[in-house]
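Since the structure comes first, as structure tokens, the remarks are kept for the end.
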Amino acid sequence: IFSIGADELKRMLIVLCFCMLASGCAPQTVIEDADPIEPEIMLTLAEEPEPIAYQVCIQITPAVQAKTYRDIPLSHELQDIADKACEDYKIPQDVLYAVMEVESGYQTDAQNGQCLGLMQIHTINMEYLSSNIGTTDLTDPEQNIQAGAFILGGYLEKYSLTDSLMAYNLGEGGAKRLWKQGIHETGYTRKVLGSIEGNRV
């Protein structure tokens, strides 16, 4: 039989308590390969989704119609210039082309005395044309067309078609002398009017 004193009993109890505490604090074994536990996720919608409406707009652009050029011995470039001159000076296209045909037969280098080019502009008009539309060279086809259209357009603003053609051919002074005699038609005007009828597009 062992006899334990009170002091020794206390020490043993203290040691026992430490052992019990130490065993409770022992490290836990960690299983590294364990699958993580994923929380169960539940998605809820607070409201019913509203339908999305789409509006489709379709714009159909009509195909650009190719320009129709006249079947005449004049380049498309010069026809474009003539058409623009008609627009600028408010001349019917058929009228300008008919004057050009009768005056020069569409020959860019046509010359009859002091009358030059497609529209057979007399050089006496050079100063007037230069100050009004900046003409510098009546032998240049583009400037010649512009000059002829400017002169003809000015007459058409004041007179009838036949009187305007007479003024273009004879000069305004020469045409007025014939008008005083009651003459409002000449061989020239008949030619131009005939060309208009024969070359309409």
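Listed by first and then second residue, the pairs linking a residue in the range 111-123 that is closer than 16 Å to Leu165 by Cα to a residue that is aromatic (Phe, Trp, Tyr) and outside any strand (DSSP E or B), with Cβ atoms under 8 Å apart and 6 or more places separating them unless they lie on different chains, are Leu118/Tyr106. Filtered by the rule that a residue be of a type in the set (S, T, N, Q) and open to solvent by less than 40 Å² (accessible area, probe 1.4 Å), the range 140-161 gives a lone residue, Asn144.
So, Ile121, is that one buried (at least 20 other Cβ atoms within 10 Å of the Cβ) and touching a strand residue (DSSP E or B) at 6+ places or on another chain (Cβ under 7 Å) or not? It is true that Ile121 is buried (at least 20 other Cβ atoms within 10 Å of the Cβ) and touching a strand residue (DSSP E or B) at 6+ places or on another chain (Cβ under 7 Å).
I'd like the full set of residues that are open to solvent by less than 50 Å² (accessible area, probe 1.4 Å) and out of contact with any helix residue (DSSP H, G or I) (no Cβ under 6 Å at 6 or more places or on another chain), limited to the range 127-139. The one that is open to solvent by less than 50 Å² (accessible area, probe 1.4 Å) and out of contact with any helix residue (DSSP H, G or I) (no Cβ under 6 Å at 6 or more places or on another chain): Gly134. Taken over the range 57-89, the residue count meeting the criterion of being in contact (Cβ under 8 Å) with a residue 12 or more places away in the chain, closer than 16 Å to Ala147 by Cβ and open to solvent by 60 Å² or more (accessible area, probe 1.4 Å) is 1.
Could you tell me which of the residues Tyr106, Tyr168, Tyr97 is among the aromatic types (Phe, Trp, Tyr), at pLDDT 95 or above and part of a loop (DSSP other than H, G, I, E, B)? From the options Tyr106, Tyr168, Tyr97, the qualifying one is Tyr106. Being in a loop (DSSP other than H, G, I, E, B) and modelled with pLDDT of 90 or more holds for only one residue in Tyr54, Tyr69, and it is Tyr69. Each residue in the range 171-201 was checked for being without any contact (Cβ under 8 Å) to a residue 12 or more places away in the chain, open to solvent by 50 Å² or more (accessible area, probe 1.4 Å) and either within 21 Å of Met126 (Cα to Cα) or assigned to a helix (DSSP H, G or I) (or both), and 6 of them qualify. Give the residues of the range 109-145 that are assigned to a helix (DSSP H, G or I) and within 19 Å of Asp80 (Cα to Cα), sorted by residue number. Across the range 109-145, the qualifying residues are Ile133, Pro141, Glu142, Gln143, Asn144, Ile145.
The values are calculated or read from the model by the stated rules, or taken from the named source; none is laboratory data. Source: prediction; values computed, not measured. Ideal geometry is used to build each Cβ from the backbone, glycine not excepted, and the neighbour counts take in all protein chains shown. Ligands, DNA and RNA are stripped out before the accessible areas are found, and what is left, the full protein with its side chains, is counted by its heavy atoms. Shrake-Rupley method; radii C 1.70, N 1.55, O 1.52, S 1.80 Å.
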